[in-house]
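A quick write-up on the structure given underneath.
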Amino acid sequence: MQAICLLRRGQLQTMRTAVRAVVTVMILLTMGGCLIKPHPMENGEIHARAVKDFLAISAVDEPVAGPIDLYEAMARAVKYNLDAKVKAIQVQLAHQQLNVAHYSLLPQVAANAGFDGRNNFAGGVGQSILTGRQAIEPFTSSEKNVLAGNLALSWDVLDFGLSFVRAQQAADNVLVAEEEKRRLAVRLIQDVRGAYWRAVSAERVLPRIQFLDDSVSKALESTRQIVGQKLQAPLTPLNYQRDLLNIQREVRRLFRELSTAKLQLASMIGLPPGTSFDLVVPPRETAIPVVNLDSQKMEEQALLLRPELRTIDYKKRINAKEAKAVFLELFPNLKVSLGGYYNSNSFLLYQNWLSYAAQASWNLLSVFRAPAKLKAIEANGHMLDVQSLALSMSILTEVHVGATQFVLAKQEYQDARNYQQTQSAIVEQTKNLWLTERTNDLTLIRERANDVAADVRLDTARAGLETAYATLMATMGEEAVPSSIAEQSVAQLTEAIREYWEPSGFTMSGGERRTEPHATPAAH
């Protein structure tokens, strides 16, 4: 009994020491947590980030080697536009998540090693139930310090089934990311076409606008001198001056609208702000886009190929697989394991051994949880169906609106071209009259301003026509760029896009597009 009392007294002292140590550690951790405060970033860190971002934006992997045409602008936008890069990185992320999901299908192989030590032996005694006396002397079966390790393989059958379903969903998420990337490419090409033609208009007209503004400024200075010196009746030069000011206001308005066109295009194609580059200025008399406006075929193609609808289709498939996962959770789970173990305890008869086990378990509460999960999945599926219907209606409307806008833009372009040709003839006749001194400077300046405005209207109408054409192609789900662009250079991608968009003038290659795998149902 005395030995038992001594053992118990020693245990109490050990417990007190352990409790004090635990309390001390908890107090230190609590004090450390209370000392955490908001720590704003320092100016040096912000400056380093700003410099890093600026250098990244300013870097051009493939500098501009010559004048940029429409197809090189498209290629640079697809390759270097920052929004397009974000979508490309999202696709890469989806692929990496799919790779991670593949590894979750493998069994778990765990290697463990550990050390266990104490300040005294883990011992014990025995006591008689009948007499209450100590039966044996205090003994131990473990050393003070023990090293242990194992290498074990385990496989969870239910987790394997769930991981298989999650991997299928990850594969569908890859396709969702691809469709989002495709949708952005379509929108980007649409914006680049409009921006390119506006920039072309600026290239053509801005020098003439500057020359005209200088002419108006000189004429205004002359009229001010006439008014100041009272060489004529005040009303005549003042009316003349008012007309010149109206012309100057219109000229400067055109200058403001066109002066930022190249900056906007540079931003779209991934060039740093302030980069100097030239454009290939095509002749005004170029072939205009030609589209087969068959409403039934356009509607069918839009419903088959629009990336927004395809994204919902993949989300429906993901939702259906979620229902499979819920049904899998209803089944019992079987876990099997196999491993080799080692323990340095010299009291063990065998310090190395092989262990194998099988365990079955069943979460009975999953039976009650499943109906609620299935109802949520069904509600999500119904929401996706309604979204698909609403989006289909919106897309069909966009197809008809796009076709109408294309026809109207084409007519507007024809009207603007006729107006520009007429105005050019008027300017030529007015110039001849001015040379023979049968008209004054104001009339010539006014007609030159009208001529510049007519050129701008023509270029604007052409930009509107190209934008309407790209919008119509986008509403029908046409690919913006070839599907296999991979890691091509700007020059290679430019030629690929040129062949894709320009098989005959500015028309689309419908036959080439229908050979794409996603267009097979439309052909049937």
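The values are calculated or read from the model by the stated rules, or taken from the named source; none is laboratory data. Predicted model, so just to flag it, every value in this text is computed and none were measured. Here the Cβ is made from the backbone with ideal geometry for all residues, glycine too, and neighbour counts use every protein chain on show. In case anyone asks, the SASA skips ligands and DNA or RNA and just uses the protein heavy atoms, side chains included. Shrake-Rupley method; radii C 1.70, N 1.55, O 1.52, S 1.80 Å.
Only residues that are in contact with a helix residue (DSSP H, G or I) (Cβ under 6 Å, 6 or more places away or on another chain) and surrounded by fewer than 17 Cβ atoms within 10 Å (Cβ to Cβ) were counted in segment 429-440, giving 2.
Residue by residue, here is whether (1) closer than 25 Å to N99 by Cα; (2) not basic (K, R) holds:
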residue	(1), (2)
I136	no, yes
K144	no, no
G149	no, yes
L158	yes, yes
V176	yes, yes
E180	yes, yes
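Is it the case, given these coordinates, that V165 is in contact with a strand residue (DSSP E or B) (Cβ under 9 Å, 6 or more places away or on another chain) and either open to solvent by less than 40 Å² (accessible area, probe 1.4 Å) or in contact (Cβ under 8 Å) with a residue 24 or more places away in the chain (or both)? So V165 does not fit the description; no. Within segment 185-209, the set of residues being of a type in the set (K, R) and over 30 Å from I445 (Cα atoms) comprises R187, R193.
Residues that are of a type in the set (A, V, I, L, M) and in a strand (DSSP E or B) within segment 328-385 comprise L334, V336, L338, L354, A357, A358, A360, listed in sequence order. Does A325 qualify as being within 25 Å of the chain's Cα centre (by Cα), in a helix (DSSP H, G or I) and buried (at least 17 other Cβ atoms within 10 Å of the Cβ)? Judged against the criteria, A325 is not a match.
List, please: which pairs have Cβ atoms under 8 Å, are six or more places apart or on different chains, and start with a residue in segment 243-272 that is modelled with pLDDT under 85 and end with one that is surrounded by fewer than 16 Cβ atoms within 10 Å (Cβ to Cβ) and of a type in the set (S, T, N, Q)? Hits for this filter: Q248/S217; F255/Q210; P272/S58.
State which residue is farthest from S154 (Cα to Cα) when the search covers only segment 353-365 and only residues that are touching a strand residue (DSSP E or B) at 6+ places or on another chain (Cβ under 6 Å) and open to solvent by less than 100 Å² (accessible area, probe 1.4 Å). Going through the qualifying residues, I end up with S361.
Kindly indicate whether N292 is open to solvent by less than 30 Å² (accessible area, probe 1.4 Å) and of a type in the set (S, T, N, Q). The answer is no for N292.
Scanning segment 331-352 for residues that are farther than 30 Å from L365 by Cα and either at pLDDT below 85 or open to solvent by less than 90 Å² (accessible area, probe 1.4 Å) (or both) returns G339, G340, Y341, N343, S344, N345, S346, L348, Q351.
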